[in-house]
1. Check off (1) in contact with a strand residue (DSSP E or B) (Cβ under 7 Å, 6 or more places away or on another chain); (2) modelled with pLDDT of 95 or more for residue 89 and give me the number that stays unchecked.
2. Within the bounds of segment 51-66, is there any residue that is under 22 Å from the mean Cα position of the chain (by Cα), loosely packed, with under 13 Cβ neighbours inside 10 Å and not in a loop (DSSP other than H, G, I, E, B)?
3. Would you call residue 48 within 15 Å of residue 140 (Cβ to Cβ) and either assigned by TED's automatic domain parsing to the domain that holds residue 25 or modelled with pLDDT of 95 or more (or both)?
4. When you go through (1) within 19 Å of residue 246 (Cβ to Cβ); (2) not in a loop (DSSP other than H, G, I, E, B) one by one for residue 98, which number turns out not to apply?
5. Could you please let me know if residue 296 is over 26 Å from residue 146 (Cβ atoms), surrounded by fewer than 20 Cβ atoms within 10 Å (Cβ to Cβ), out of contact with any helix residue (DSSP H, G or I) (no Cβ under 7 Å at 6 or more places or on another chain) and outside the structural domain of residue 148 (by TED's automatic domain parsing)?
6. Could you figure out which of (1) within 20 Å of residue 97 (Cα to Cα); (2) surrounded by 18 or more Cβ atoms within 10 Å (Cβ to Cβ) isn't true of residue 198?
7. Can you tell me which residue among 226, 218 is exposed (fewer than 13 other Cβ atoms within 10 Å of the Cβ), assigned by TED's automatic domain parsing to the domain that holds residue 85 and more than 23 Å from residue 270 (Cβ to Cβ)?
8. Check 164, 107 and return the single one that is closer than 21 Å to residue 259 by Cα, in the same structural domain as residue 233 (by TED's automatic domain parsing) and surrounded by 18 or more Cβ atoms within 10 Å (Cβ to Cβ).
């Protein structure tokens, strides 16, 4: 760990507490000059670090910058050793984690970006990923004995964990538009994209990359014209340490569902947050759009619908649209 990373860890664990340069140097076994350089670098990175004569340095509680150290201070003990990389800008965090997976990286390896230039959504769509206002993260998973049909569990478990994390840090109600979009105040604040690699002989999932993009704040100048009526953000104004708290709360909850002996336990939580049960929706495929009423969501998180002609069906994947 570099001097800069050690100082981030010290400050993150002791927000609003002053440390003299000498104290920091002694704690970290570095020179006072190294401390001064690291603090200046952190200030240039946007950290709100106060420097007061005869008191020392202090990280303001108002700071909201992603860091591995800031996330890990909130994590449950089982996740404290996970590999988390926070990068300022990437093309696609999912692509980078897929590369890590193919190189043999361990489960629970994670890359988080402050900005993506080629963020991906479902069905080949792009995902708007502006600098500094969102969290764009991808997590490597290596589940055992997951078939293609069972792999949808990863997305639906993640949707519940995102909702719970949003509710924990903001107090806002979060809801799910089947299968993978999270809404707050009837605006989309999060999209989830799970990609995987399957064994040709076994047909089982070798690994999955769980990608999640969340709008913590609205971008400066607002969302682009094509998104402004659809997209929203978790918060309307800056918050203290919201990004680190969101990531850690998501990981804590997702880990609980993913490792539970009975993974069906999360299904009722998914169902209770559904935006679509009882509503008229359009089921969209490559060739057509069908109107239907959503009857419910079953224990495999499949969508149960009744079409306009009276026929009933269930869907394990697909795309729907809904008007509020």
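The values are calculated or read from the model by the stated rules, or taken from the named source; none is laboratory data. Being a predicted model, the structure only gives us computed values, none of them experimental. Cβ sites come from the backbone with ideal geometry, for glycine too, and all protein chains shown count toward neighbours.
1. The failed condition is (2).
2. Checking segment 51-66: not a single residue is under 22 Å from the mean Cα position of the chain (by Cα), loosely packed, with under 13 Cβ neighbours inside 10 Å and not in a loop (DSSP other than H, G, I, E, B).
3. Judged against the criteria, residue 48 is not a match.
4. (1)
5. Against the criterion (over 26 Å from residue 146 (Cβ atoms), surrounded by fewer than 20 Cβ atoms within 10 Å (Cβ to Cβ), out of contact with any helix residue (DSSP H, G or I) (no Cβ under 7 Å at 6 or more places or on another chain) and outside the structural domain of residue 148 (by TED's automatic domain parsing)), residue 296 does not qualify.
6. Looking at each condition in turn, residue 198 falls short on (2).
7. On the way: 218 fails: exposed (fewer than 13 other Cβ atoms within 10 Å of the Cβ).
Just one listed residue meets the conditions, 226.
8. From the options 164, 107, the qualifying one is 164.
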